Structure formats: C-alpha cells, structure tokens
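Chemist: Provided herewith is a single structure, encoded as structure tokens, for subsequent inquiry.
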Amino acid sequence: MIYLNGEILPTEKAQLHVSDLGLLRGYGIFDFFRAIDGQPIFIEDHLDRFHNSAKLMGLPIPESREKLREIIHEIIRLNPHKLLGIKMIMTGGYSEDGYTPSPKSNLVVMGKPFEFKPADVGMKLMSMEYRREIPEIKTLNYIVPIRAIQQMKTVGADDVLYYQNGKISESSRSNIFIVKDEKIITPLDGALFGVTRKHILNFAKNHFTVEERDVSTQEYFEADEVFTTGSTKRIVAITETDKHIFGNGGVGKITKKLQDLLLEEEKNNR
C-alpha cells in the first residue's frame, strides 16, 4: 500500500500524471529511513531533513508534520515486515507548462521490505571528480552515479567516492569517515549531513576524538580505516578504493566498535 496525495492505495493503483515535474525535470526531493519491528528509526531527524529540503527547494508540503507522521505509521502498519524501508517523495507537482512548479506538490510515502548488507562485509569505491550542486538537499537527481554504474561494474566497485579540488566530500548515497591514529574524521564541505552521520558524531565523541573538517584525497588514502554511513547501510567498512586496500582489507577495530555503538543508539531511539 502506498500513500499518494491524500489517499492510501494499492501499489498498482498509485499513479502520477505525465505532467509531474519530477518526471519532466527531475524537480523533487526524497528521504529514506527504516522501521524495525514496526518502529521507525530516527523519524524526527528524517522529518526535520525532509522539511528543510522542501524549504530550500521551495516545495510546499501538503500535510502537516503531525499528519505526515501519522501517514508514516499507517504505511508501516499496512506493510508488516520486520525490517521495512520507508521512502517519502515530493515533487514540484503537475506543471502546466512543463517547467514551472505547481502550487500543490505531489507527495508519496511508500514502504518496501529491506535487508542490510552483512556488517562484516566491506565495500569497494571508485573515485570520481564531482560535487553535487546542492549537497544540503536530498534531491531526486542521481544522474551522475547512475551513469557510472557500468564503469563501476567494470572496475569491480560498489559505489563512487566524490572529490573535487583535492578534497573528498561523500559517496553517492552515503557519508564518508576516515580513521587515523584512532581519530575519527568526516568531511564538512560538500556533503549531505546524513541522519546516521549525525548520530555517530554524537556518540563517537564519548569514545574517540572526532573532527568535522575538510579531508584531502591524500589523507583519505593514508587513512588506517575508512567507512561509509547511511540509513540504507548503517556503518559499512570501505576496504578498497581505486585498488588501494585499507588496513588488512577487512573491518577495522574502530569501525567495528562504532557498528556496535550504532546498534545500541538505534535501540534507544525506537
């Protein structure tokens, strides 16, 4: 079942008109989070980010925050899976001229069964010189990494690492952290400030020295450990980038410690 513009419909009946500005111009935002055993994880943080993205994009949200929260809980109830991925999507609505946003946005909320990658399995990245145009907004525009899928397959990479002017920023769908001498560092400029990133920064400072600042590509490749974070991943070790292997090619001890701490944080936020 899917929520669409005031109605909850069977998936096969949830349809948008071809004049939708998300389809015509890619003008829209989204957010994604998880529900575990019927309880949404970090829901208020995701609602905060969704509202901020809407404000920065000039998109009116057709429902109040309270109503949107109710919709989310109803979608969770109607999709009774132990682990559920919730996606909120909002576009510029039906555009009369195919360019100008409508006064009424189109709002979709849907849930699908979800699975995590095993915590002891790492990822390989392929570096790419690129910086998202408006990194503080979670837009629908994923042209660059989707175009790179075939290239990633060719080199055996799972995702991309964005860098520009000698500084890294993020991956296509997640934040990046490096570990050097047990110090945890994450880029500040050019990255979306993810919800998982926020919580890691909050609890990691109780155990380690933590820094938010520019990270050079040289620092990145000289790191003891690298990991990526996001709602679809939790914390996943980056074991290799551009054929450079980090540590012993497995999950480092700091990454493993943070994985355990994040699971505790999630339990405390259900």
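Quick note: the coordinates plus some simple rules give every number you see, no bench work behind them. The structure displayed is predicted, hence computed values, not measured ones. Note that each Cβ is placed from the backbone with ideal geometry, even for glycine, and that neighbours are counted across all protein chains shown.
Chemist: Per residue of the chain, what 222 nm ellipticity follows from adding -39500 (n - 2.57) for every DSSP H run with n ≥ 4, rounded to the nearest 500?
Modeler: Details: 8 runs with 76 residues, N = 270.
Dividing the helical sum by the residues of the chain leaves -8000 deg cm²/dmol.
Chemist: Next question. Quick check: the angle from helix 195-204's long axis to the longest principal axis of the chain, C-alpha only, nearest 10 degrees?
Modeler: 40 degrees
Chemist: While we're on this one: Students often get this wrong: which residues of region 152-180 have the backbone nitrogen under 18 Å from the point 7 angstrom along Cα-to-C-beta of Phe116?
Modeler: Counting only backbone N, you get 174-177.
Chemist: How many lysine pairs are close in region 34-146, with Cα atoms under 28 Å apart and the two 8 or more places apart or on different chains?
Modeler: Close lysine pairs under the 28 Å cut-off: 24.
Chemist: I would also like to ask the following. Quick one: which of 22-28, 112-118, 210-216 comes out on top by average Cβ neighbours within 10 Å, and what's the full order, highest first? Walk me through the numbers before you get to the answer.
Modeler: Numbers: 22-28: 19.4, 112-118: 11.3, 210-216: 16.0.
By packing density, highest mean first, the sequence is 22-28, 210-216, 112-118.
Chemist: As I understand it, the value is the acute angle between the Cα axis of helix 253-267 and the longest principal axis of the Cα atoms of the chain; what does it come to in degrees, rounded to 10?
Modeler: In the chain, helix 253-267 runs at an angle near 30 degrees to the longest axis.
Chemist: Okay, next question. Using only the alpha carbons of the chain, determine the length spanned along each of the three principal axes and report them from longest to shortest in whole angstroms.
Modeler: 53, 39, 31
Chemist: Give me Rg over Rh for region 123-267, both radii from the alpha carbons and Rh done the Kirkwood way, two decimal places. Display every interim value, and only then the final one.
Modeler: Numbers: Rg = 14.2 Å, Rh = 15.2 Å.
Here the Rg-to-Rh quotient is 0.93.
Chemist: Please compute the length gained on full extension between Arg131 and Phe203, using 0.36 nm multiplied by the number of residues separating them and subtracting their Cα-Cα distance. List each step's numbers first, then the result.
Modeler: On the way: separation 72, 0.36 × 72 = 25.92 nm, distance 2.81 nm.
The Arg131-Phe203 span can extend by a further 23.1 nm.
Chemist: For Ile89, what charge total do you get from the other residues with a beta carbon under 14 Å from its beta carbon, if Lys and Arg give +1 and Asp and Glu give -1?
Modeler: Numbers: positive: Arg49, Lys87, Lys112, Lys138; negative: Asp20, Asp31, Glu63.
Its environment carries a net charge of +1.
Chemist: Please report the relative contact order for the chain, taking Cα pairs under 8 Å with a sequence separation of at least 6, and give it as a percent rounded to a whole number.
Modeler: On the way: 527 pairs, mean separation 49.0, N = 270.
The value is 18 percent.
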